[in-house]
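Worksheet: one structure, shown below.
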Amino acid sequence: MSALVKPQFAAVLRGHPGVDEVVEFRGLGDALGKIRAGGYTHLLDLHATGRSWLIRTLSGVPHQAVYKKDALARRLFVAFGRGSPALQRHTVDRYLEALSAWEVPPAQAVLSPADWGASGRLSTAKNVLVLQTSFLGDSLLTLPLLRRLKEGLPGARVSVLTLPKNADVFRGAAWVDEVLLDDKRGRHGGPLGAWRMARELRERGFDLAVIPHRSLRSALVARLAGIPRRVGFSSSAGRFLLTDVVPFSWLAHDLERNLALAAPLGAAAGASQGEARYVTPPAPSAELTRRLEEAGLKTGDRLVGVHPGSAWNTKRWLPERFAELCRRLKSEGLKPVLVGGPGDAELGAAIARASGAADLIGRTDLADLSALMGRLSLFVTNDSGPMHLAAGAGVPVVALFGATTRELGFFPYGPKHRVVEASLACRPCGLHGARECPEGHFLCMRLLTVDQVHAACREVLA
């Protein structure tokens, strides 16, 4: 089987066990000449553009199939924010569906991690650095990539460069050998900070850098550190500093986008069924156990985690509605537990007074929050980092989306979770949200009723 791709993307497919030959696209005439000379019997068009239609038409290949691109739905969403059911489907699923024209069941087209891990065709890297110095949620969604790298590169040492505040995400993970800190507010800050960071990394002799963080600084640090192979996204601000560029799509979940970074190393990019679980809650500390007991929470209670805060105001559901939801959950025999950072302490206290929920906001660090996930039957949250922690630990999640949308790729990953959101033309109003509603009405959250959220909770609990 041959694959026709643009030269800058050829590295993504080279070495893949399902591809015998990578043919670089050097122009329409050149491509047609190579196709005709190859004597192909089947042609699968995964681009679905005017140019690919012309190639199909003039190629003379007898059996052809084309994937459904839903280009109009995508353009309407980007230009006007108009959603469509078509955008809920992953691009990989649409690719596999195209094979039905040749009576190939989609399930038979998936290559499992075990298949590519045993193929012996992965990168030979022995000292790998993954650079992820973004938010908590981004860090959590990097864990499946680390697992795939560790499993696919037997014997390789895998290190992570991250911010001090996110270090606990990676410490203790079975797929991480060492956690390195990028202290942007300390010794690695300022105009020469990237150079200082790179100098420290150079001494460690990394031979591969995988960079899910799409910043110029991350790519620059890897380049200055002298790491010979640097894999990152096509949308990275430091793309020109990378040796391998992977296409970035807003239509995929961020977890799956990160997994795609393993493709240039010979790995299958898709997620397997078990990919949704990537956090193992530790045993609660004695201090956390004491706090739970003080809050009247006993072993055997059905606990519901409630996270009412967010770094962005437009991603916060209304406090009085969180309080009403907590009262309803309590009436059904559940025990709501409020969690969040110290900056949400006042918010948590108000909700606790109005609902009787246990208030642990500002009283749990990341390790405690991870341990608490092992006790929860449900997690109700705004779009936030703890949302991904709960989903990664296998806790059913009900997520409330206001300023952001599912289509940006940061919804709770896995089939058991639910996203509650309103259909509005002004959504999304930004990638991360905003301090205040640009339209002044905040309907994205005001339209989400307690009845809707409560119904979603009962659905996932059932």
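Values in this text are rule-based calculations from the coordinates and carry no lab data. Every value quoted in this text rests on a predicted model; they were computed, and no experiment measured them. Cβ atoms come from the backbone with ideal geometry, glycine included; neighbour counts cover every protein chain shown.
Give, as ranges by residue number, the residues of the range 414-429 whose backbone N falls under 13 Å from the point 7 Å along Cα→Cβ of residue 250.
426-429
Whole-Hz ³J(HN,Hα) for each residue in the range 253-267, computed from phi via Karplus 6.51 cos²θ - 1.76 cosθ + 1.60 with θ = phi - 60°, x for glycine and proline: what do you get?
5, 4, 4, 6, 4, 5, 4, 5, 5, 7, 4, x, 8, x, 8
In nm, to one decimal, how far is the modelled label at residue 204 from the one at residue 28, with both set 7 Å along Cα→Cβ?
For residue 204 paired with residue 28, the spin-label model returns 5.0 nm.
Expressed as a rounded percentage, what relative contact order does the chain have, with Cα pairs under 8 Å and six or more residues apart?
The value is 13 percent.
If you wrap a convex hull around the C-alpha atoms of the range 114-274 and split its volume per residue, what is the figure in Å³?
For the range 114-274, the hull spanned by Cα atoms encloses 105 Å³ per residue.
Points 7 angstrom from Cα along the Cβ direction at residue 449 and residue 187: gap in nanometres?
It is 5.8 nm.
If amide hydrogens are placed 1.01 Å from N in the peptide plane, which non-local residues have theirs closer than 5 Å to the one on residue 419?
It is 399, by chain and number.
Using a 10 angstrom Cβ neighbour count of at most 14 plus a DSSP loop assignment to flag exposed GluC sites (Glu not before Pro), which longest range of the chain is free of such sites?
Result, exposed sites excluded: 204-331.
About its Cα centre, what dipole magnitude does the range 114-274 give when the only charges are +1 on Lys and Arg Cβ and -1 on Asp and Glu Cβ, stated in debye to the nearest 20?
With Lys and Arg at +1 and Asp and Glu at -1, about 480 debye.
For Cα Rg over 2.2 N^0.38 Å, the choices are [x] 1.73; [y] 1.05; [z] 0.90; which was calculated from the structure?
[y]
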